[in-house]
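To keep things clear, I will list the structure first and then write my remarks on it.
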Amino acid sequence: MRITAVTCVKNEGPFLLEWIAFNRLLGVTDLLFYSNDCSDGTDLLLDALAARGGVVHLPNPAQGRNYQMEALKHASKLDLVRNADWVWIADVDEFLNIHVGDHRIPDLIQACGDPKAISVTFQFFANHGVEAFTDAPVIGQFLHSHNPDLWCDQTAIEVKTLIRQDFPLRYYGAHRPFFRDSLAEEQRPLWTDGSGRKVPHRFHIAASQKRIRKFPAKGARDFATLNHYALRSLDSYLVKNDRGDVNRENRAFDDTYWRERNDSALRDDSILRYLPSLKNALADLKDDPEIARLHALCVARHEARRDALLQQPAYQEMRDHLRALPPYPPGESELMAELGVLA
């Protein structure tokens, strides 16, 4: 089975090898990376990996700021994607955690009844007080998340989607594929959630903006969960903020994104079943001296950027502010204070 993973990256160098090795453990055979404006060595490491096979690295074709959608439009025309049996579109901080069989993508497909698409629901993993960046597998460092069925005040949670080659594709979206509005009902693809159940009708047909990329999470992860490590360490989160928005002068920092994803209510260490094999796969990649050198370069630049940011008062203030926040999502800590639960 040929499975192609497609992703877009900018300054993700320290985390590339883990994501590549992990996806290969799942059964991914080809990885297509689009990069833009990298300053940490991400592009250099990807070029070196591409020279060794199994990885394709291309510059992002976007002319404006719509990097992901332009890349996916470009990818849909490539033989690497068109000839794949399945396509997996995800980000480098997202890890598909499969609960059935040998914990690989073919096992998930079989459990779901071999549909034409499988949408797997996010579970957001909290920072949980991890401050320092450590060059070690992310999946082993962050083991706490929100209640899987409820994120903040939402019962509907976003998904990412595995797509079979014969899906009647109109175009790829970042979270799900789309088929033609005019497609007759009997021609619409069989499409399941991560428990093998048919996805809700309104999501299936993209009936509204509210249901284009998410549906109720309760009972949707029996066979697979999408672990999302959007925060990682506090160090890495500062660098991530710099990557996304370099000009914070005279503008208040919005802590909503952090607070929404830093809910540590539940310990979920199920993904650790992959860790021994992952460490072996990472060691194999780093046995190549050039790959090891470039990975170390990315790590050094990541740490140097953190150190440079922390010379700026705005980032010192951001770090201290995030440290001091209660570990509850927006609304929950305010409600607890109102009820007298918090001092």
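Every number here is computed from the coordinates shown, using simple stated rules; none is lab data. All figures in this text were calculated on a predicted structure; none of them were measured in a lab. Don't worry about glycine lacking a Cβ; one is built from the backbone with ideal geometry, like all the others, and counts go over all protein chains shown.
Note on region 92-339: dipole from Cβ charges, positive end direction compared against Y229, P115, A126; the farthest Cα belongs to P115. In this structure the amide hydrogen of F215, modeled in the peptide plane, comes within under 5 Å of the amide hydrogens of I157, none closer than 5 places in sequence on its chain.
Which percent, nearest 5, of DSSP beta bridges in region 92-339 are antiparallel? Walk me through the numbers before you get to the answer.
Values: 20 of 26 bridges.
Bridges in region 92-339 are about 75 percent antiparallel.
Each residue of region 162-175 is assigned a 3J(HN,Hα), and the resulting list reads 7, 10, 7, 4, 8, 4, x, 6, 8, 6, 7, x, 5, 10 Hz, derived from the Karplus form 6.51 cos²θ - 1.76 cosθ + 1.60 (θ = phi - 60°), x at Gly and Pro. Using the Cβ of A50 as centre and a radius below 15 Å, the other residues enclosed give a net charge of -3, where K and R count +1 and D and E count -1. The listed peptides 25-32, 115-122, ordered by packing as a protection proxy, come out as 115-122, 25-32 (highest mean of other Cβ atoms within 10 Å first). Once you list every other residue whose beta carbon is under 13 Å from the beta carbon of L275, what net charge do they have if Lys and Arg are +1 and Asp and Glu are -1? Every neighbour counted, the sum reads 0. Peptides 284-291, 146-153 ordered by packing proxy, namely the average of other Cβ atoms within 10 Å per residue, highest first: 146-153, 284-291.
Using Cβ point charges alone (K and R +1, D and E -1), the dipole size of region 200-317 about the Cα centre works out to roughly 700 debye. Across region 132-145, computed HN-Hα scalar couplings (Karplus, 6.51 cos²θ - 1.76 cosθ + 1.60, θ = phi - 60°) run 8, 5, 10, 7, 8, x, 4, 5, x, 9, 10, 10, 10, 8 Hz from first to last residue, x flagging Gly and Pro. Here r is the Cβ-Cβ distance between R293 and L58 and R0 is 25 Å; the resulting FRET efficiency, rounded to 0.05, is 0.65.
Placing unit charges on the Cβ atoms of the charged side chains and taking the dipole of the chain about its Cα centre, the candidate lying farthest along the positive direction among L297, L49, P216 is P216. Proximity of backbone amide H atoms, modeled 1.01 Å from N, is registered between S35 and V9, L58, N60 at under 5 Å, excluding neighbours fewer than 5 places apart on the same chain.
Maximal additional length on extending the E338-D85 stretch stands at 85.7 nm, based on 0.36 nm per residue less the C-alpha distance. Summarised in one figure, the compactness ratio Rg/Rh of the chain, Cα atoms and Kirkwood Rh, is 0.96. Using Cβ point charges alone (K and R +1, D and E -1), the dipole size of the chain about the Cα centre works out to roughly 1000 debye. Could you state the number of Å between the C-alpha centres of region 170-208 and region 130-165? Taking the Cα centre of each part, region 130-165 and region 170-208 sit 23 Å apart.
Taking each residue as 0.36 nm, the span from S39 to L190 lengthens on full extension beyond its C-alpha to C-alpha distance by 50.1 nm. Counting neighbouring beta carbons within 10 Å and listing from fewest to most, the residues E18, E185 come out as E185, E18.
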